[in-house]
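Below you'll find the structure, written out as structure tokens, and then a few comments.
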Amino acid sequence: MTSISRRSAVLGVAALTAGLALTGCTKAATDSGAAGTGAATAAAKLSVVFIPKNLGNPYFDTSDAGGKKVVESLGGTYSEVGPQQASPDGQVQYINTAAQQRASALVVSANDPKAIGDALNQARKGGTKVVTFDSDTDPQYRDLFINQASPDGLAKVEVDGITKQIGDSGEIAILSASANATNQNAWIDLMKKDLAANHPNVKLVDVVYGNDDDQTSFDKTAALLQTHPNLKGIISPTTVGIAAAARYLSTSDKKGKVALTGLGTPNQMREYVKNGTVNEFYLWNPADLGGLAAYAADALVKGKITGKEGDTFTAGELGDFKVGANQTVLLGDPFAFNAGNIDQFTF
Amino acid sequence: MTPAPTQEPTVSVPDAQPGIQPAVTSETQLLVEPSSLSPRRRIVQGLLRSREFSILVVLLLVVAAATIKNPSFLLSSSGWRDLLLTPSMLIVLAVGQAAVIITRNVDLSVGSVLGLTAYLTGRLFIDHPGLPIVAVFAAGILVGGLLGLVNGLLVALARVPALVITLGTLYIYRGIVLSWAGSSRINASDLPPDFLSLGTAQVLTIPVLFIVALAVLGAVGYYLYTARSGREFYAIGSDPDAAVLYGLNVRRRVLSAFVLSGALAGLAGVVFAARYGSVSSDAGTGIELQAVAAVVIGGVAIFGGSGTVWGAALGAVLLVTINRALPMLGIPDFWQQALVGALILSAIVLDRVLAARQSRRLVEARDLP
């Protein structure tokens, strides 16, 4: 079964490559004719293939559009391919095809940290640079990972946001996902430290768990407001939690009296930002993430950086970036979404 | 199987000859001849001794305790609204589940049916803007009823235990939602404001969704209590073989119980969308167990044949209200689930104790000369 499908896949790829080689030839011919004098840079001509987790996902539509803008501004060719469903090995065939086409760089959000590793290393042997973003592979399979946010950055921006909204004094609570979610607990610990160190008048009275379920999060919010009548603010570092909490708040007599912030997506939060339940919430900007990945790919292709720790490069209007441990580049502080900018985003 | 103390006709009582035994104790006499009391006393006694009454008392105690601790639990406008609104969806599910359990079956697929119709609700509003809200409610009930029909056909015709069949359809229906919705979700901004405001709208301080739940409860309760076909649900649950021998149309009744449960789960799905305003593919996961728990706490015997939907509805309100009140009383999150479990166990133990006492008394009454 697998051998047959693998064989047919190989045949398919071979046929595709042949076809592409033919069309590629004609294209190359016209290119060289048009470019003429630019022979020196022609070797390092930038062609970047974006491979999102799946197509038709508004989040990746936004991030890849950011990447497209940057690639085209750098004079490169941009393309986006990917599976319909986010399955672990669904990206392999697209990686193989892009490698056969000798794309100069791949920008991938990995569906699985290992399943696409061999395909990526194969591509890298052929000279293609590999940048992962949003979701990383194991470090040995890529040249760089563009990390959207650091735990410290996320925790800090949420604490700063809520304390600013409640005037830096009063009771607050946290609505988390599940009690054993590693990343959530790491963020909550950082928030507790930040609160203790920098906001002595703000008291964290409760941490409740909505299990990333609409209904549970909603009911837990109701219980929080009942249990703590003096509550002034809620932080929900989970997209499901903040939307459910906003839904409850928007229909309760605490609307406007209890501040709510956390990590959310514009589509889920649009309603509540517009009706005044939520002032501001945070996440990274996927367009910037895609853009930075494109700049990083360009820097790798042109040989400005090799991806080792300490390398620095400039990413246009996004600023200067430095490669950190594990060949990782951090996008920076989370992005604040509010009534003024939420309509620019559709993910 | 186990005749409840008060509300069941005493079908299994052996021929009693009341007038002949002056020596029997008054309690035993009452057991075999309840009509020796005046009708008014019988109603009052029946009410006081009923399971429903004891659940109501527990419920009132919980509400009182929470209100003493924090007056806004009952006395603020949001508190009063939430007290009635939060259990509305589970009441609808529990009523359907009770009807199925009374026939000695169970419907585990209601959570998946709810998820499917909740997502359907969102999709209908997105794909057909301007669709009247009534049509969406009708669609939810219809699709839920169809899914219930599938359950009913499999259970009634294939003669496989409902536990297994509906466990299967639980996964199948959930699979349909997962492949349909994928990672997408319905957001509040996708739903029309009129529909969303239905989630919290009130008439004379009573939430509309609670009124919907009460209407469902009233209709089903009246049917099961008075209609001949409604009484047959109990007969089937008491002894399915006897019901067949007696000539009851067991298949049709079981089928209609599942259609009812499915349709009500469909209604609950639309209610879910209106209340929570956002629907993902895992909406309603696990709620089937809450529905079964509400029914059991409400005094419906898990092996069918006894109990009422009134009890199931009270069980649903108690379950939801306890969950809301416990954090307020300072019980940590982690202990709340254990307390709900203890509640279910004590309800079942109480069931067994009452049933054993009843049958012992019946035996005593029979053995007397």
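Given (1) within 11 Å of chain B (Cβ to nearest Cβ); (2) buried (at least 22 other Cβ atoms within 10 Å of the Cβ), identify the lone condition not met by residue A:260.
Result: residue A:260 fails condition (1) only.
Pull up segment B:266-301, narrow it to residues that are over 27 Å from residue B:177 (Cβ atoms) and in contact with an Asp or Glu (Cβ under 8 Å, 6 or more places away or on another chain), then point me to the one that is farthest from the other protein chains (Cβ to nearest Cβ).
Residues of segment B:266-301 that are over 27 Å from residue B:177 (Cβ atoms), as a first pass: B:297-301.
Cutting the leftovers down to in contact with an Asp or Glu (Cβ under 8 Å, 6 or more places away or on another chain) gives us B:298-299, B:301.
Numbers: B:298: 20, B:299: 25, B:301: 29 Å.
It comes out as B:301.
Return the total of residues in segment A:232-254 being facing chain B (nearest Cβ under 10 Å) and either in contact with a helix residue (DSSP H, G or I) (Cβ under 8 Å, 6 or more places away or on another chain) or not in a loop (DSSP other than H, G, I, E, B) (or both). Walk me through it before giving the result.
Initially, segment A:232-254 is screened for residues facing chain B (nearest Cβ under 10 Å), giving A:239-240, A:243-244, A:246-248, A:250-254.
Within this subset, residues satisfying the condition of being either in contact with a helix residue (DSSP H, G or I) (Cβ under 8 Å, 6 or more places away or on another chain) or not in a loop (DSSP other than H, G, I, E, B) (or both) are A:239-240, A:243-244, A:246-248, A:250, A:252-254.
Matching residues across segment A:232-254 total 11.
Can you tell me which of B:143, B:113, B:106 is of a type in the set (Val, Ile, Thr), more than 14 Å from every other protein chain (Cβ to nearest Cβ) and in a loop (DSSP other than H, G, I, E, B)?
Numbers: B:143 fails: in a loop (DSSP other than H, G, I, E, B); B:113 fails: in a loop (DSSP other than H, G, I, E, B).
Of the residues listed, the single one that is of a type in the set (Val, Ile, Thr), more than 14 Å from every other protein chain (Cβ to nearest Cβ) and in a loop (DSSP other than H, G, I, E, B) is B:106.
All but one of (1) surrounded by 20 or more Cβ atoms within 10 Å (Cβ to Cβ); (2) under 16 Å from residue B:282 (Cα atoms) hold for residue B:183; state the number of the condition that does not hold.
(1)
Anything in segment A:207-231 that is facing chain B (nearest Cβ under 8 Å), surrounded by fewer than 22 Cβ atoms within 10 Å (Cβ to Cβ) and outside any helix (DSSP H, G or I)? List them, or say none.
A:229
Show me the helices (runs of 4 or more DSSP H) entirely contained within segment B:190-257 in which 1 or more residues are at pLDDT 90 or above and touching a Ser or Thr at 6+ places or on another chain (Cβ under 7 Å).
Details: elements: B:193-198, B:208-226, B:228-238, B:240-245.
So the answer is B:208-226, B:228-238.
Please verify whether segment B:247-256 includes one or more residues that are within 12 Å of the chain's Cα centre (by Cα), closer than 22 Å to residue B:166 by Cα and among the aliphatic types (A, V, I, L, M). Quick ask: steps written out before the conclusion?
First, pick out the residues of segment B:247-256 that are within 12 Å of the chain's Cα centre (by Cα): none.
No, segment B:247-256 contains no residue that is within 12 Å of the chain's Cα centre (by Cα), closer than 22 Å to residue B:166 by Cα and among the aliphatic types (A, V, I, L, M).
Do we have any residue at all in segment A:184-200 that's in contact with a strand residue (DSSP E or B) (Cβ under 9 Å, 6 or more places away or on another chain), under 30 Å from residue A:86 (Cβ atoms) and without any contact (Cβ under 8 Å) to a residue 24 or more places away in the chain?
yes
Quick one: how many residues across segment A:236-256 are more than 16 Å from residue B:199 (Cβ to Cβ) and free of Cβ contacts under 8 Å to residues at least 12 places away in the same chain?
0
Where the second residue is acidic (Asp, Glu) and in a helix (DSSP H, G or I) and the first is touching a residue at least 12 places away in the same chain (Cβ under 8 Å) and lies in segment B:282-298, which pairs have Cβ atoms under 8 Å and are six or more apart or on separate chains?
Close Cβ pairs (under 8 Å, with a partner that is acidic (Asp, Glu) and in a helix (DSSP H, G or I)) amount to B:283/A:214; B:298/B:52.
Determine whether segment B:357-365 contains at least one residue that is at negative phi and either of a type in the set (S, T, N, Q) or within 13 Å of chain A (Cβ to nearest Cβ) (or both).
Scanning segment B:357-365 turns up at least one residue that is at negative phi and either of a type in the set (S, T, N, Q) or within 13 Å of chain A (Cβ to nearest Cβ) (or both).
Can you name the strands (runs of 3 or more DSSP E) wholly within segment A:38-108 that have at least 1 residues being in contact with a Ser or Thr (Cβ under 7 Å, 6 or more places away or on another chain), hydrophobic (A, V, I, L, M, F, W, C) and more than 14 Å from chain B (Cβ to nearest Cβ)?
Qualifying strands (runs of 3 or more DSSP E): A:47-51, A:105-108.
Give the residues of segment A:149-169 that are acidic (Asp, Glu) and either farther than 17 Å from residue A:193 by Cβ or outside any helix (DSSP H, G or I) (or both), sorted by residue number.
Of everything in segment A:149-169, just one residue is acidic (Asp, Glu) and either farther than 17 Å from residue A:193 by Cβ or outside any helix (DSSP H, G or I) (or both), namely A:168.
Among the residues of segment B:321-333, count how many are more than 8 Å from chain A (Cβ to nearest Cβ), part of a helix (DSSP H, G or I) and either crowded, with 24+ Cβ neighbours inside 10 Å or touching a residue at least 24 places away in the same chain (Cβ under 8 Å) (or both).
Count: 3.
Considering only residues that are more than 19 Å from residue A:288 (Cα to Cα) and modelled with pLDDT under 85, look in segment A:58-89 and name the one that is surrounded by the most Cβ atoms within 10 Å (Cβ to Cβ).
The extreme case among them is A:86.
Going through segment B:186-197 one residue at a time, which ones are away from chain A (no Cβ under 11 Å) and closer than 18 Å to residue B:266 by Cβ?
Narrowing segment B:186-197 to residues away from chain A (no Cβ under 11 Å): B:192, B:194-195.
Correct list: B:195 only.
The values are calculated or read from the model by the stated rules, or taken from the named source; none is laboratory data. All figures in this text were calculated on a predicted structure; none of them were measured in a lab. Every residue, glycine among them, receives a Cβ derived from its backbone with ideal geometry; neighbour counts consider all protein chains shown.
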